[in-house]
Amino acid sequence: MDKKKRAYFRREFARRTAAARWADRIFFALLVWVVFYGWFLTQMANTLAAAILASLSALTCVTAAALFRSIRFDKFVSKHTEQLKKQAVLEHLMILPPNSVMDVLLSSDPALKGIHGVAVCKNGFVARFPNGRKCMCALLQKYPSEKVTASELLELRRQSEAEGCTELWVYSTAEYANEAKTIVKSDGFFARLNSRDELITLAEKLELIPDEDAVNRAVEARIREKQSARESVKKGAFIPSSAKRYVLCAAGIMAASLVTGYRIYYTLMAGLCLAFAAISWRNGRIKPEKDTPADIG
């Protein structure tokens, strides 16, 4: 595992930055040392010996905690990697031609093994079973983070009834909205909503599992997404229109310092607000200069 990928997993595992993680570890080590030092002082009068024993005990606890954290981290990496693989499978199925997805279903779904005929239709195909019943199998290739709406399923139900089908089987790369799960179950009409995990299982039977490169690309995409989100937050905090608000905030803090008496602390906070105001004002001055076209002639 390369450094960039490991840093991503660390960040996802702890939900904190590297600086925050190190601060937590240092605080934990100091807290454990203080607890052991205080306990050893109750057992002996020699402060140096108590400090040495506390240091050894704290080191043992920190090592044990690091080992336990490493085991949890390895389990998280394995689980998160499987999730990334499933995401890659869904994205692969999402961009496949409908005929290719239909081949996946017909080749791997045991419920479709006994059909006698297949007729391609809009949004999927109609399967005929030996007992004469007809079933419409709908393929919804939506982005995995989206939801299958009730309106979409209602339209599929109308289409299946127009095809003379008494059953509707839906295969989707996205989850179903709560309303969608209830709208198709009425008036004796049978609808089978296959989850995306079931679709992934069908793809796994055909060994459509992405390789390590696909997982690496998924991790890199997540890293770029996280970086873009952080950049958006930074840009939103220092837009030119925020300068006035920061100045007003600084004035309010300084006024509050006269009432509370905590002048040093409040002055520092007001100074920080003024610094933010200066940065926002400077961004407003720089942007027009960059956008101004060079003079010709």
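Quick notes on this structure:
- Spatial extent of the stretch 3-82: Rg and Dmax, with the Cα atoms as the point set, Å: 16.6, 55
- With R₀ set to 30 Å, the beta-carbon distance separating Leu48 from Ala20 gives a calculated FRET efficiency near 0.35.
- Measuring between alpha carbons in the structure, the pairs from Lys142/Lys181; Lys122/Lys142; Lys181/Lys205 lying more than 24 angstrom apart are Lys181/Lys205.
- Formal net charge of residues neighbouring Glu167 (Cβ-Cβ distance under 10 Å; K, R +1; D, E -1): +3
- Positive-pole candidate from Phe68, Ala23, His80, dipole of the stretch 3-82, charges at beta carbon: His80
- Percentage relative contact order, the stretch 29-179, counting C-alpha pairs under 8 Å, at least six apart: 16 percent
Where a number appears in this text, it was derived from the coordinates with a stated rule and is not lab data. Worth saying up front: this structure is predicted, and the values here are computed from it rather than measured. Methodologically, a virtual Cβ is constructed for each residue, glycine included, from the backbone with ideal geometry; neighbour enumeration extends over all protein chains shown.
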